[in-house]
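**Q** Sharing a structure, written as structure tokens. Questions coming.
Derivation of every value follows stated rules applied to the coordinates shown; laboratory data play no part. All of these numbers come straight from a predicted model, not from anything done at the bench. Cβ sites come from the backbone with ideal geometry, for glycine too, and all protein chains shown count toward neighbours.
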Amino acid sequence: MGHVKIDLSQKERSLEAKYPALDNPAGLRILLSDYHALINRQYQGDYDAVVLLADLRKAVQLAGLTARQSEALHLVYEEDLTQEEAGRRMGGLARDAVNHLLDRAIESISDIYYYWSHHGEGYVINGGL
């Protein structure tokens, strides 16, 4: 019988390389900017994308975001609006105000990943999932 070489961890390594550090705002922004691509991968049966998205949802839930921070995050990353468009939808906020809300939200979410990495909760600093 022949042997088939299948790399069972290729997708996981690919995601770890793309999102190496979610415990800091810069790394988390990369993940958030790929939100729609991850949703598509999830629907195509990519288990690693499912795990990433589940962890992201849990981190957002635990981050204690204000209603305005949650709304800004939703509009910019889920509805794919620009910060200016999100500001208009949020009652005429300036782009700088939306940017500030996003900065605070992303900082709070990355703090959750940082906590997880230091408490053995499935996430390793600079090592992805």
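**Q** In this structure, is Leu65 part of a loop (DSSP other than H, G, I, E, B) and within 16 Å of the chain's Cα centre (by Cα)?
**A** Values: part of a loop (DSSP other than H, G, I, E, B): yes; within 16 Å of the chain's Cα centre (by Cα): yes.
It is true that Leu65 is part of a loop (DSSP other than H, G, I, E, B) and within 16 Å of the chain's Cα centre (by Cα).
**Q** List pairs: first residue in the stretch 68-84 and more than 18 Å from Ala37 (Cβ to Cβ) and touching a residue at least 12 places away in the same chain (Cβ under 8 Å), second residue surrounded by fewer than 21 Cβ atoms within 10 Å (Cβ to Cβ) and among the polar types (S, T, N, Q) anywhere in the structure, Cβ distance under 6 angstrom, at least six positions apart or on different chains.
**A** Close Cβ pairs (under 6 Å, with a partner that is surrounded by fewer than 21 Cβ atoms within 10 Å (Cβ to Cβ) and among the polar types (S, T, N, Q)) amount to Gln83/Asn99.
**Q** Out of all the residues in the stretch 90-118, which are within 15 Å of the chain's Cα centre (by Cα) and farther than 17 Å from Thr66 by Cα? Give the derivation first.
**A** From the stretch 90-118, those within 15 Å of the chain's Cα centre (by Cα) are 102-114, 116; that's our starting set.
Listed by number, the residues that qualify are Tyr113, Tyr114, Trp116.
**Q** For the subset of the stretch 47-103 comprising residues that are touching a Gly at 6+ places or on another chain (Cβ under 7 Å) and among the aliphatic types (A, V, I, L, M), which member is nearest to Tyr114 (Cα to Cα)? Outline the logic, then answer.
**A** First pass over the stretch 47-103, keeping only residues touching a Gly at 6+ places or on another chain (Cβ under 7 Å): 93-95, 97-98.
Restricting the remaining residues to those that are among the aliphatic types (A, V, I, L, M) gives 93-94, 97-98.
Details: Leu93: 30, Ala94: 30, Ala97: 26, Val98: 24 Å.
Looking at residues that are touching a Gly at 6+ places or on another chain (Cβ under 7 Å) and among the aliphatic types (A, V, I, L, M), I get Val98.
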